[in-house]
Each structure stands twice: as structure tokens, then as C-alpha cells.
1. Give Ala21, Ala65, Ala14, Ala8 a once-over and let me know the one that is among the small types (Gly, Ala, Ser), farther than 23 Å from Asp127 by Cα and either modelled with pLDDT under 85 or touching a Ser or Thr at 6+ places or on another chain (Cβ under 6 Å) (or both).
2. I'm checking my understanding of the structure. Among residues of the range 112-147 that are touching a helix residue (DSSP H, G or I) at 6+ places or on another chain (Cβ under 8 Å) and either in a loop (DSSP other than H, G, I, E, B) or modelled with pLDDT under 80 (or both), which one is farthest from Ile99 (Cα to Cα)?
3. Scan the range 71-81 and tell me whether some residue there is free of Cβ contacts under 8 Å to residues at least 40 places away in the same chain, in contact with a Pro (Cβ under 6 Å, 6 or more places away or on another chain) and crowded, with 19+ Cβ neighbours inside 10 Å.
4. Kindly provide the set of residues from the range 34-61 that are assigned to a loop (DSSP other than H, G, I, E, B), within 14 Å of the chain's Cα centre (by Cα) and of a type in the set (S, T, N, Q), ordered by number.
5. Output the residue which, of all residues in the range 82-108 that are outside any helix (DSSP H, G or I) and among the hydrophobic types (A, V, I, L, M, F, W, C), is surrounded by the most Cβ atoms within 10 Å (Cβ to Cβ).
Amino acid sequence: MCVRRKKAKELLGAEIILKDANGQQLINTRAGRESPLPTSLPPGDRKALEMNTIVVSDLFTGATARRPIISVNVPITVPSRGRLLLNASVQTSTLSELIRSNNLPDTWTAAIVDGQGVIIARSKDEDRFVSRKAAADLQQNTRGPTRLARPMSSC
């Protein structure tokens, strides 16, 4: 792996992707130098471009990652290139590790749920729960931009 790509991943905990407005990847820190870069425009990308705002995606399978990820999508304009999209893609395991690093009490279970009610990270049993729909009470208590859920049933 290129030293610059490795440093970017270590610093940000994410892979960086630059795409044109049609979804053609121009730069992808996950891909090897010789790898052809795919074209992909998942819903979070389209929403960011249409609304011209930063969008955090729901969980999806990345075209290059080939595993569940989320992405932070930032539309940008470069005078010589036009509209582009800058993505930071984050693996679910990175987010689960971030939750665990907070040293929560052993009796607590924390989870991050996307806009569709799907668990994208979890402090315990992530292999069992990530990519599955959260329990109804967890979904109900985590609606909105930022929510903390009260104690509830198993998610």
C-alpha cells in the first residue's frame, strides 16, 4: 500500500474517494494503483449532489470495499473539473471500535443505527447484529439527527 494512502487511512480511519458527478471514481485510497476504478453512485452520493449538501449515507455495500460501509459525502466544485464528490467511507468495524473505546459499563450496549433503522455499529456482538434491522424500540428512540436511546429490549 502506498505510504500516502496508508497515512490517510490511519489519520482519518476512513478511505477517501473522489468521484465525478456521474460516479466515476477518480481517486480511491482503498484501490491499488493498477486497479481500474469503478463507477458507482449510491443513494447517499446522489442525495449529496442533488441537495448540494453534506450527506451521511445509510449502510451499503461499497463497490470497491465489497463489504458494508457508510460514507460521508461532500459535493465540491473544482473550476477545471466541474462538480465532484468527495467521500470518506468508513467500515462498520471502525465505528464499532470507536464505540468500544469509550469504556462503557459492561452492562451497557451501544449501537449506531442508520436512517433506515439498520444497525451499522455496535459495542457488543457486532458480527451478529450489524447489517440487521434494529428492534422497533431502538428505532423509535433513535429518530432524528442525534438521539440517545433509553434502556430497552435487546437490539
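The values are calculated or read from the model by the stated rules, or taken from the named source; none is laboratory data. Since the structure is predicted, the reported quantities are computational estimates derived from the model, not experimental observations. When we count neighbours, we look across all protein chains shown, and the Cβ atoms used for this are built from the backbone with ideal geometry, even at glycine.
1. On the way: Ala21 fails: either modelled with pLDDT under 85 or touching a Ser or Thr at 6+ places or on another chain (Cβ under 6 Å) (or both); Ala65 fails: farther than 23 Å from Asp127 by Cα; Ala14 fails: farther than 23 Å from Asp127 by Cα.
One residue alone meets the criteria, Ala8.
2. Narrowing the range 112-147 to residues touching a helix residue (DSSP H, G or I) at 6+ places or on another chain (Cβ under 8 Å): 112-113, 117, 119-123, 126, 130-131, 133, 147.
Still in the running and either in a loop (DSSP other than H, G, I, E, B) or modelled with pLDDT under 80 (or both): 117, 123, 130-131, 147.
Numbers: Gly117: 18, Ser123: 6, Val130: 13, Ser131: 16, Arg147: 15 Å.
Ranking the qualifying residues of the range 112-147, first place goes to Gly117.
3. no
4. Ser57
5. Taking the range 82-108 as the starting set, the residues that turn out to be outside any helix (DSSP H, G or I) are 82-91, 101-108.
Those still in the list that are among the hydrophobic types (A, V, I, L, M, F, W, C) too: 84-86, 88, 90, 104, 108.
Details: Leu84: 17, Leu85: 25, Leu86: 17, Ala88: 18, Val90: 22, Leu104: 13, Trp108: 11.
Among residues in the range 82-108 that are outside any helix (DSSP H, G or I) and among the hydrophobic types (A, V, I, L, M, F, W, C), the one surrounded by the most Cβ atoms within 10 Å (Cβ to Cβ) is Leu85.
Condition check ((1) surrounded by fewer than 17 Cβ atoms within 10 Å (Cβ to Cβ); (2) modelled with pLDDT of 90 or more; (3) assigned by TED's automatic domain parsing to the domain that holds Asp127) across all residues:
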position	(1), (2), (3)
Leu26	yes, yes, no
Gly44	no, yes, no
Glu50	yes, yes, no
Phe60	no, no, no
